[in-house]
Every structure is written in C-alpha cells, then in structure tokens.
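Have a look at the structure below before the remarks.
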Amino acid sequence: MFCSIMSGGLRGIESFPVSVETDISSGMPTFEMVGYVGGEVREAKDRVRTALANTGHPIPIAHITVNLSPGDVKKSGTGFDLPVALGVLTCMGQIDAESISDTFIAGELSLNGEVCPIKGILPMILMAKEKGIGKCIIPQANSKEGSFVEGVEVYGVSTLAEAISFLKKETDIVPVKSRLKSELLAGAVHEYDFAEVKGQAMARRGAQIAAAGLHNMIMTGPPGAGKTLIAKCIPSIMPPLSEEECLEVSAIYSVRGEFSDDTPLITRRPFVSAHSTSTDISLVGGGAVPRPGAVSLAHKGVLFLDEIPEFSRRALEALRQPLEDGKVHIIRNRDICTFPADFMLVAAMNPCPCGHYPDMNKCTCDEAKRARYMSKISGPFLDRMDICITAEKVSPFDLRSREASEGSEAIRERVMAAHEIQKKRFEGLGISFNSQMGNREIEKFCRLGSSEEELMKQLALKHDMSARTYFRVLKVARTIADLAGSADINEDALCEAVRLKVSF
Ligand SMILES: Nc1ncnc2c1ncn2[C@@H]1O[C@H](COP(=O)(O)OP(=O)(O)O)[C@@H](O)[C@H]1O
Ligand SMILES: [Mg+2]
C-alpha cells in the first residue's frame, strides 16, 4: 500500500514542496528513509515508531520505505516526522487517503506523541498556498505564525492523537483566523520617536535624508550625544511595512526559529544592533545549515553598528557584498542559498578612543593614537557612507528646552512623499531609491544646470573628491531635492550634500 503527503523543505528563506511517499509491503521488516535526507531527517523513523506506539498505533512488522521527493535536493529539519507518521497510518488503512489529499502537513514528534514546533512555518505555508493547497496541519505552537497567510485553512495540532482523530473526522478543530491586518496596525506604534531628541539639528536632518533616499549613514560624536538614540528613531520615520514586506521579513525570523506565540510576526521595520565582537558569520549569515545573519534580520529596516572602529576588518569586509547586492549568497555542498539583506546601514563611532576630541580640556589621546583609531575604518568602508555626520555634545540648555522637537510622524510624511517621487522615477528600472542609482541613472536623473555644474566642479576640487565621492554627493543631492519636492537639484541641495559627505 502506498500514499503520498505534501510537506515542505527549506532553502534559504524559501520553502520548496516535498512529497513524503510511504510504502508498506510484506517482506523483510525494515523502516527505511531515503531521498537525500540529512541526519536529523533519517532519525525521524525512530521518533515516528515510538510516537506511534505510544499513541496506541504500533507499526506493523513489514517492509516500510519512506521516500522524500525530489531526491536531488537535500532535506534537513525535523518537520517531516508528522507526515511520515500519518503516511504510515494511511498505508495501514487507519486513515482514509482521501482526508490527506490536498493537505500540507509538517511537524516534529516527541517520543510520547506530542507535536513540537518547527522552524520556517511561515515560508512553508506561503509555498503551500502558492501550490494551490487549501488545508494545512501544523504544530499548535506554530499556528499563530501560520495564521498570517490568507486564503489557506490552517489547523494547529498539539498531539499525534489529535491529528489522527481530526483526519478521521472524530474531532473538529477550528482553523486559526488570519490576523495580518490587525497585527500590522498594532505594529505601527514605535518605541523611539524623534520628538525625544533634543538639539542635534545636523543629525536629525541627516537621518531624514538617509531615510528618504535609503542612504547609509555614519555618525561621530562624544559619548552621550545621542547617536544611539537617533539611530533607534530611524525606523519610526520610514514608511510602515506593507503586508508583502511584513511577510517577507517575518519569513527570515521564522527560518531562524525566533517566533513564539507572543511575537508571531515582525510588524515594524526591524532595528538590528550588531555588537563589535560580531563575527562575519553572525553578521552576514552562514553555518553548516545556513542561517540568516544580522544583515538579513535587518532586511527592510536598519542595521546599526555602534563603535565601528572596534569591528574586525574581516567583519566589515563581509558587509561589502550584501551592501552592494541587497542579498547574501551562501554556498554549501553544491547548493547556493540566498537570504535577502536589503537594509539601511547606520554606523556610529566616538571621535577618538577616549571620546572627547576635539574638547582638548578633556581629551587624553595624542595625535598618533587618534590617527590609529580613525585608520581602523578603512577608506573603502567610509566611501560607502553617503552621509557622514558629526553630532556635537548637546548643551544642557538644549536638553532642558521645553520646546518640543519635531516628532517622527511629521518627518515620516515627508520621507514617504520622497519615496513616492522615487517610485515613479525608477518605475521599470529595477531599483527603488536614489542610493541605488548606477552611473547611467545618475546621468539621467541628476542633471545639473550650468551654474550648479560649475559649483559642483569647484566643490569637488576644493574637497579633493574621488569619482566615487562625487557620484555619492549627487545621489544625496537628488534626495534633498526630492524632500523639497523640487524637480531640479539647486545649489543649496548640492552644498548640503557636500557638507554631509565631507564633514569627517
Ligand atoms: N540629543 C539628545 N536628546 C535627548 N536625550 C539625549 C540626547 N542625547 C543623549 N540623550 C540621552 O542620553 C542617553 C544616552 O545617549 P546615547 O544615544 O546612548 O548616546 P551615544 O550613543 O552618543 O553615546 C540617551 O538614552 C538619552 O536619554
Ligand atoms: Mg551609543
């Protein structure tokens, strides 16, 4: 007797369909798992055998073969336990084959027959929906996460016995309701708001321009100036996540197995702060079974690197490829696995090791020490930063000022208007933001009038700009003009863009 159940494997943050084929025939009593399976998948047979026995369904003494198809893609994870167990029961005639058709099934089994949560449920259910599947049976502990996909009935089960009696139509389970829209609305509230940030006019302005054109930004300034605070405020001035973005970002966290019933979904733009001791693997992802790193967890949001000179050169080098491509490729045993990593980089550093330069009354560093500190961030890294900001120490007068600073909501409206302009501009060109323009787009969209052209030439000579710096300045100037709703890049926009680039 043969049966086939649909389940799913993971590659990167995408799920692919896997047919769990089970066959029971007379012959040598064995239980074989085949189809390019990893060690933990092969162990499924022991969990399944025991879980079935402890649920009152001892498996027959017969020749059992389980094949996970397609056979040329490696499968890992523990999610195949439940479909294997239900496949065996179907072959034994205990479950009607009809009841498992058009059904996606995944879940890990414990020896006593409990169904345990697995990683990557969200991409699996998205895949099942795409394949036209109408019904999914998944672990109860993952059911909230699964419920965000609309148009599929998602049933959570906590034990193998419950799954069996549901398929036999002996008990009824209510499918979990999709709550995507209400969760997204609730997620629109932010923890940090620019209304809290006093003074720091340049940093506030820089953050706004950075968010408007998705430019990378670096801030320097003494400890306590508010660099970390400003970075944390940036997601609040970016547009709220769309439904599509929310599912895309959440799929990354789902694959990391980071969801619980309390946080079943990422509804806010991510803010990911990576520590200076981070290894290149924790930053960009990797490992024997590839896992997304900080750059992917920050997808569609902000990656914050504090104390940037303390990062290892190797770690910063590793950021180069994701910064350029917006994704990370990890090669493992013939397979390439791709994680999205389209983030805005915000970096911060003190101006010198003690943090007080240029306040010479307090600074204890000599010239050589300072130079060594600055040289830790390589030229190519600084080159990639479109916006470089010096945050001054905030005066006590500013800190105690009763005047409210402009809040994030008002800034966000301007940022979103600038995003709209860019969306129209880049329609059909495969990019969405000014920072992503290549030379061809710069040529087309950053045309200057003759006096502006002359000014730019002089500024370039004065600041000894490299070609790369020159083009970065033009891109930022384009964003400044967009924020002002201006079709042309005027002299003010150019001067501001230069100030923001050469202030270091
Ligand atoms: N410009 C500011 N406006 C309001 N509060 C500030 C400002 N700068 C610093 N603070 C307060 O000081 C704390 C430390 O600031 P932080 O952002 O960590 O500084 P930095 O990262 O520059 O060392 C913040 O949590 C905030 O309460
Ligand atoms: Mg800080």
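Within region 331-356, which residues are in contact (Cβ under 8 Å) with a residue 40 or more places away in the chain, within 16 Å of ligand 1 (Cβ to nearest atom) and assigned to a loop (DSSP other than H, G, I, E, B)? Within region 331-356, N350, P351, G355, H356 meet the criteria.
Report whether or not G199 is away from ligand 2 (no atom under 13 Å from the Cβ), in the same structural domain as I377 (by TED's automatic domain parsing), more than 18 Å from V415 (Cβ to Cβ) and open to solvent by 10 Å² or more (accessible area, probe 1.4 Å). Give the derivation first.
Numbers: away from ligand 2 (no atom under 13 Å from the Cβ): yes; in the same structural domain as I377 (by TED's automatic domain parsing): yes; more than 18 Å from V415 (Cβ to Cβ): yes; open to solvent by 10 Å² or more (accessible area, probe 1.4 Å): yes.
Spelling it out, G199 is indeed away from ligand 2 (no atom under 13 Å from the Cβ), in the same structural domain as I377 (by TED's automatic domain parsing), more than 18 Å from V415 (Cβ to Cβ) and open to solvent by 10 Å² or more (accessible area, probe 1.4 Å).
The selection criterion, being closer than 21 Å to P270 by Cα, open to solvent by less than 30 Å² (accessible area, probe 1.4 Å) and away from ligand 2 (no atom under 16 Å from the Cβ), holds for L297. With respect to Y155, determine if the residue is in the same structural domain as R412 (by TED's automatic domain parsing), in contact with a Ser or Thr (Cβ under 8 Å, 6 or more places away or on another chain) and farther than 18 Å from G257 by Cα. Against the criterion (in the same structural domain as R412 (by TED's automatic domain parsing), in contact with a Ser or Thr (Cβ under 8 Å, 6 or more places away or on another chain) and farther than 18 Å from G257 by Cα), Y155 does not qualify.
Under the condition of being β-branched (V, I, T) and in contact with a helix residue (DSSP H, G or I) (Cβ under 8 Å, 6 or more places away or on another chain), which residue from region 130-151 is farthest from I118 (Cα to Cα)? Per the stated criteria, the residue is V149. Report yes if T263 is open to solvent by 60 Å² or more (accessible area, probe 1.4 Å) and either of a type in the set (S, T, N, Q) or closer than 25 Å to T220 by Cα (or both), otherwise no. Yes, satisfied. When E170 is tested against the conditions (1) open to solvent by less than 30 Å² (accessible area, probe 1.4 Å); (2) modelled with pLDDT of 90 or more, the lone failure is (1).
If you go through region 459-468 one residue at a time, do you hit one that is touching a residue at least 60 places away in the same chain (Cβ under 8 Å) and over 17 Å from I209 (Cα atoms)? Let's see the steps before the verdict.
Kept after step one, since they are touching a residue at least 60 places away in the same chain (Cβ under 8 Å), are these residues of region 459-468: 466, 468.
After this cut, where a residue has to be over 17 Å from I209 (Cα atoms) as well, the list is 466, 468.
Yes: one or more hits.
Of the residues screened, M219 is one that is within 16 Å of ligand 2 (Cβ to nearest atom) and in contact with a strand residue (DSSP E or B) (Cβ under 6 Å, 6 or more places away or on another chain). Just one of the numbered conditions (1) open to solvent by 10 Å² or more (accessible area, probe 1.4 Å); (2) at pLDDT below 95; (3) away from ligand 2 (no atom under 16 Å from the Cβ); (4) out of contact with any Ser or Thr (no Cβ under 7 Å at 6 or more places or on another chain) is not true of S276: (3). Scanning region 114-157 for residues that are more than 28 Å from A53 (Cβ to Cβ), touching a strand residue (DSSP E or B) at 6+ places or on another chain (Cβ under 7 Å) and not in a helix (DSSP H, G or I) returns G120, K131, I133, G134, S147, V152, E153, V154.
The values are calculated or read from the model by the stated rules, or taken from the named source; none is laboratory data. As the structure is a computational prediction, the values presented were derived from the model and not from experiment. Ideal geometry is used to build each Cβ from the backbone, glycine not excepted, and the neighbour counts take in all protein chains shown. Quick note on the areas: whole protein, heavy atoms, side chains included, nothing else; ligands and nucleic acids left out. Shrake-Rupley method; radii C 1.70, N 1.55, O 1.52, S 1.80 Å.
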